[in-house]
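**Student:** Before I ask anything, let me first share the structure, which is written out below as structure tokens.
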Amino acid sequence: MKRPSIAARLSLIVSLYTSAILLAVLGVDYLRSLATLEAEIERNTRLQTEATANALEIPLSAAVRTTRALAAALTHGHFDDTGARELLRQGIADNRDVFGATLRFAPNQHGTSRRRDHDCRWRGTDIECLDGRETEPDRPLARAGAPGPDGGLSWSRPYFDDDLGQARMVTLSAAFDGGLVSLDLNLDRLTREVTALRVLDSGHAALLDAAGTFITHPQSGIALRRDIRSMPQALGLDHQPDLVTGLLSGRPGVIDGVSPSGSATRLYHTPIAPTGWTLVVILPADEIDDDVRTLALTTAAIGLLGLALMLLAITLSARAITRPLRRLAAATREVAAGRLDTPLPLHPRDDEIGDLTTGFATMTRSLRDYIERLTASTAAQARIASELHIAHDIQLSILPRRLAPHPAFDLHALVEPAREVGGDFYDCFALDADHHCLVIADVAGKGVPAALFMAVAKTLVKAASAPGRGPAEVLERVNAELARDNPRCMFVTLFCAVLDHRSGELIHSNAGHNPPLLLRAEGSVEPLPSQRQLVLGVMAGAHYRDARTRLAPGDRLLLYTDGVTEAMDADTTLYGEARLREALRALGTGSPRTLVEGLLDEVHAFAGDTPQADDITLMALVYRGPGAPGGD
């Protein structure tokens, strides 16, 4: 059988001591009893008001801590859908007054699909979590106010929840980097504590929110429907706006008022710290006088000695009962300082302190396990980052680091992956003494899969190229190999050209790639003529055709991938081919290196702080002609 609670034992001990002391000190004179009892009633009323306010602040403060912890974890952590739901579950389970929690992610500014929202609720004794497709859209967002100054927290106006049978609810929200997390608190237990507060025979309490709306009131039809400014007579403050302002000032105090029947009342008010709410205890003044006179006549013996002994008895009893709590508090301070192996004091009794000790021990073990898992996870992420950095270096080593100079043309290229590794590549190699092959390509997707597919495609292009073989035939051979074993249906856009540096003739074929831009020596910019042809790797047996263009001495050819034209600024505006043409015309008089690096700087300046969404590859060629110094 479970032993009586601490509150019950404390009440019993205080009652026994009080009864004994009252019988021992009977006979104290009437006037002393009158003054003492009046002071005692006021002090007890203040204490009850503050005690009830503290009892209300405990679950509300716990909800604040939980909301801040969830927002901080979501800002600094990386959670998948399962992890996010588990985080909400823990937040709900930590506070039984929390009925549910909601996680909303803001839309992605790059136009991609946003992450799933989540909504977790108590269903009986279990917590049920749904993703954003199964929940009411924007339920917490509609009730949450603008983020307040208290660390980004926002309390909604209290409201009746139809899903819980008109239960009083309030929503606490906190913004994090990427969305909003909200807790729905059930106020029924808190309002019952306020309703149960009684002082003398007819003293009662009311709870107001920060705007003055009644959350609880003894009269029916007032709670959550009327406020103190529109109905001040509900607290005996009719036609006294200054007193209403003082009542909602956020400071404790006492106000003299008048009840609807015309009798004097005394209002004791104190703020509820986390929310800005106000707890008001209304005590009829005539009842105070009646009780004082009645008690003074029947207990004339009560005096200073009796009051002192009673306070001493309460103090001794409280210290004896709360001694285990003090020991537990000392141990928790050690744990809070980071010493998680601190042993907790043993408490053999089956009461609230025993439950608290057991729960805190469980929480400490869970925290220690979490720190160990987090340490292991951090080490694993660092190892993956190191491996990706090595893969980045390997991929760049596949591409030509330095393109060999040639008397008839000058060439420079670079690639900048959006991630550690990417799917763009370029190449330039000699087919024979008079012909060079130029290649630029973009594999669909990013990351490791695209990098692997890129390495295969680059190898196939070089293997398929041969003297006398046109670009279209090279593309057909490469496409046949890529499409033969491609279960994931990956593909690559590719531009291949063969330059005869004696005549300047450029034979080229385009497999779905961005058409290169040709800057003529006289300053005009035009795209290379190209036909719409299928990308490589999608369908075996596809046929490709060549096109021909003749380069004149001084002409410049720019090859690029869509990471250039599809670069976006903070307003999601694309860089576009028109800007690229203007930049090419402005920078075209320089060397290929100057041209490529200048274009890359232009794209970066346009995008600003917007993250790079795709790989960027640029290749620039300046044709000098066979008559150039050292040429053919």
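**Student:** How large is the accessible surface of ARG115 in square angstrom, using a 1.4 angstrom probe and rounding to the nearest 10?
**Tutor:** Using a 1.4 Å probe on the heavy atoms, I get roughly 100 Å².
**Student:** Taking a 1.4 Å probe, which of HIS543, HIS436, HIS118 shows the most accessible area, and what order do the others take after it? Numbers along the way, then the final one.
**Tutor:** Details: HIS543 145, HIS436 25, HIS118 0 Å².
Ranked list, largest accessible area first: HIS543, HIS436, HIS118.
**Student:** Residues with amide H under 5 Å of GLY257's amide H, sequence separation 5 or more or different chain, H placed in the peptide plane at 1.01 Å from N; which?
**Tutor:** Amide H neighbours of GLY257, under 5 Å, 5+ apart: THR265, ARG266, LEU267.
**Student:** To the nearest 10 square angstrom, how much accessible area does ASP256 have with a 1.4 angstrom probe?
**Tutor:** Rounded to the nearest 10, the figure is 100 Å².
**Student:** For the pair SER591/ASN44, report the inter-label distance in nm, with labels modelled 7 Å from Cα in the Cβ direction.
**Tutor:** Distance between the two pseudo-spin positions: 9.6 nm.
**Student:** With a point put 7 Å past each Cα toward its Cβ, work out how far SER377 is from GLN531 in nm, to one decimal.
**Tutor:** 5.5 nm
**Student:** I'd like the distance separating the alpha-carbon centroids of region 413-447 and region 498-546, in whole Å.
**Tutor:** Value for the Cα centre distance between the two parts: 15 Å.
**Student:** Ranked by accessible surface with a 1.4 Å probe, highest first, in what order do LYS462, LYS446 come? If you can, show how the numbers build up before the last one.
**Tutor:** Details: LYS462 100, LYS446 70 Å².
If we order LYS462, LYS446 from most to least accessible, we get LYS462, LYS446.
**Student:** Tell me, what is the 1.4 Å probe accessible area of LEU316, in Å² to the nearest 10?
**Tutor:** Using a 1.4 Å probe on the heavy atoms, I get roughly 100 Å².
**Student:** Same structure again: May I ask you to order 63-75, 355-367 by the average number of other C-beta atoms within 10 Å around their residues, highest value first? It would help to have the intermediate numbers written out before the result.
**Tutor:** Numbers: 63-75: 19.1, 355-367: 13.3.
The most tightly packed comes first, giving 63-75, 355-367.
**Student:** How many angstrom separate the Cα center of region 562-632 from the Cα center of region 158-222?
**Tutor:** 62 Å
**Student:** Another question, if that's okay. Starting from the residue with the highest accessible area, list ARG548, ARG46 in decreasing order, probe 1.4 Å. Don't skip to the end; give the middle numbers.
**Tutor:** On the way: ARG548 150, ARG46 100 Å².
Descending accessible area places them as ARG548, ARG46.
**Student:** Right, something else. Can you run phi through the Karplus equation (6.51, -1.76, 1.60; θ = phi - 60°) for region 83-99 and list ³J(HN,Hα) in whole Hz, with x for Gly and Pro?
**Tutor:** Coupling constants for region 83-99: x, 5, 5, 5, 5, 5, 4, 5, x, 6, 5, 5, 9, 5, 6, 7, 7 Hz.
**Student:** Taking H placed 1.01 Å from N in the peptide plane, check which residues at least 5 places from GLU505 or on another chain put their amide H under 5 Å from its amide H.
**Tutor:** ASP500, LEU551
The values are calculated or read from the model by the stated rules, or taken from the named source; none is laboratory data. What you see is a predicted model, and the numbers here were worked out from it, not measured in a lab. Using ideal geometry, Cβ is built from the backbone for each residue, glycine included, and neighbour counts are taken over all protein chains shown. Ligands, DNA and RNA are stripped out before the accessible areas are found, and what is left, the full protein with its side chains, is counted by its heavy atoms. Shrake-Rupley method; radii C 1.70, N 1.55, O 1.52, S 1.80 Å.
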